[in-house]
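Report on the structure given below.
The values are calculated or read from the model by the stated rules, or taken from the named source; none is laboratory data. Model, not experiment: these values are computed from the prediction. All Cβ positions, even for glycine, are placed from backbone atoms using ideal geometry, and neighbour counts span all protein chains on display.
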Amino acid sequence: MSNNSPSSPSTNSAPLVLNERPDIGAVPKLLTAFVGRDRELTAVVDLLRRPDVRLVTVTGTGGVGKTRLALRAAEDSHDTFDRVVFIPLAAVRDPVMLLPTVAHYLNVPDTPDTPLLSRPRALLSNQQLLLVLDVVEHLLDAVPAVAELLAACPRLTILCTCRTNLNVSGEHLLPLAPLPGEEARALFIERVRALVPGFTATDEVADVIDAICAQLDGLPLAIELAASRVPMLPPRALLARLEHRLDLLTGGPRDAPPRLHAMRDAISWSHDLLPGAAGALSTPRGLHWRVHPASSRGCGGQ
């Protein structure tokens, strides 16, 4: 929260405005090509553009690409909103800190005599604002406060990423499934070509890539981690080693969040944080993380 705490404005004061600090809340630019997901992207953007939709939640299991879809949807929705604010929540471990974190990213003045939920109201009354709340599954106890924030700020829209639905009134869900075959192959080839210039997917190689993607259940994170091994392991050798996939699929980008450095980390990260039944729903059955219908009903299949 800002250290500059102006006194509460009088009734005759000019309306407060959001501090346009470029260093906080800006939507991160994707540094790699956005492959596939055209239908899902269109669906999210269409929902965000509807005036009667205030809350959209992209759901799915770990590694399915919820954050990337939300980032691209936010970027494509800039013409609908006065401002788009991205708030990463993975590092926020206490649900009590959800609203203070939102207030910090909005640069809401620190006025201790004013209830925290009331502080954004003056700031947001004259702004058509989109908040992107990324990784909410471990903060579900704070979800009622999100609903109260929406009720207090009628020009606010919220886009969440979460392994489960938030289960609040007015929520619109976009369950994100693993990539279908052609899109999975295209993602693998795109990522390999960034590391192996001139890489060519002949018909024979394409068949091997399809087998790799099928073994990885079409999960984008798993596919990208596998593609990063191709400079050392040609596709056919890679396929032969996928029996021990959790040990193989490591070494994600150094600038990625720790939970995305390896498939094992992605599987265990939010499961360890989720309470009780929700954790059980999001846990892949078996050691190979396979996406099963029973679990995808609960969390939308990520």
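Residue-by-condition table, conditions (1) surrounded by fewer than 16 Cβ atoms within 10 Å (Cβ to Cβ); (2) outside any loop (DSSP other than H, G, I, E, B); (3) touching a residue at least 12 places away in the same chain (Cβ under 8 Å); (4) over 23 Å from the mean Cα position of the chain (by Cα):
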{"position": "Leu150", "(1), (2), (3), (4)": "no, yes, yes, no"}
{"position": "Cys160", "(1), (2), (3), (4)": "no, yes, yes, no"}
{"position": "Asn167", "(1), (2), (3), (4)": "yes, no, yes, no"}
{"position": "Arg185", "(1), (2), (3), (4)": "no, yes, yes, no"}
{"position": "Phe188", "(1), (2), (3), (4)": "no, yes, yes, no"}
{"position": "Pro197", "(1), (2), (3), (4)": "yes, no, no, yes"}
{"position": "Glu204", "(1), (2), (3), (4)": "yes, yes, no, yes"}
{"position": "Ala226", "(1), (2), (3), (4)": "no, yes, yes, no"}
**Message:** Please go through (1) surrounded by fewer than 19 Cβ atoms within 10 Å (Cβ to Cβ); (2) modelled with pLDDT of 95 or more; (3) not in a helix (DSSP H, G or I) for Asp46 and return the number of the only condition it doesn't satisfy.
**Reply:** (3)
**Message:** Here is a check on your reading of the model: is Pro112 surrounded by fewer than 20 Cβ atoms within 10 Å (Cβ to Cβ), modelled with pLDDT of 85 or more and not charged (D, E, K, R)?
**Reply:** no
**Item:** Candidate set: the stretch 55-86, residues that are in contact with a His (Cβ under 9 Å, 6 or more places away or on another chain) and under 17 Å from Val143 (Cβ atoms); chosen: the one surrounded by the fewest Cβ atoms within 10 Å (Cβ to Cβ)
**Value:** Leu55
**Request:** For the stretch 65-99, enumerate the residues that are more than 18 Å from Pro154 (Cβ to Cβ) and touching a Gly at 6+ places or on another chain (Cβ under 7 Å).
**Result:** Lys66, Phe86, Ile87
**Residue list for the stretch 199-214, restricted to those being closer than 18 Å to Ala177 by Cα and in contact with a Leu (Cβ under 8 Å, 6 or more places away or on another chain)** = Ile212, Cys213
**Request:** Identify all residues within the stretch 73-106 that are among the small types (Gly, Ala, Ser) and assigned to a loop (DSSP other than H, G, I, E, B); write none if there are none.
**Result:** Ser77, Ala90, Ala91
